[in-house]
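Contents: one structure, followed by commentary.
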Amino acid sequence: MPGGTGDFASFVPAIRSVFLRWERLRVLYNLALVAVVLFPTGGSFELPEIRQLPELAIGAVLANLCYLAGPIVEAYLTWLGLRTRWVTAALFSGGVLVSVPLVYMFGFAYVLMNS
């Protein structure tokens, strides 16, 4: 760690606040992904069929595992001394911008495999 082992005690509360902030953002993240699933064409509402639920559940778990990259990267940047709200906003926005196309591709692959 930068500055020696004595910094660890002051680092833990900072990392805790990073992860708590990201857990609050997880709600917004999941709402964005649910919107992509329920409004796949951008305007028309489509409720998934029962047979799609296992694939959607797997996709949701994978998306939330990928979501962990955000708080981990921010924790590392905090450790390096780059601690600002802009870092959180940039990482979150970038993650959502990557996740939405992945959700579409996951759904497209599912349709291709089951048609």
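Summary of values
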read-out	value
Calculated Rg and Dmax of the stretch 49-115 using C-alpha coordinates, Å	15.6, 51
Rounded tilt (10° steps) of 53-67 against the dominant C-alpha axis of the chain	20
Nearest-ten-degree value, helix 69-79 long axis tilted from longest Cα axis of the chain	10
Of T88, T41, T78, the one that fluctuates the most in a GNM where the chain has Cα springs shorter than 10 Å	T41
For V34, V103, V87, order by how many other beta-carbon atoms lie within 10 Å, fewest first	V34, V87, V103
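Laboratory data are not the source of any read-out in this text; all were calculated from the coordinates shown. Please read all numbers here as calculations on a predicted model, not as lab measurements. Note that we place each Cβ from the backbone using ideal geometry, even for glycine, and neighbour counts take in every protein chain shown.
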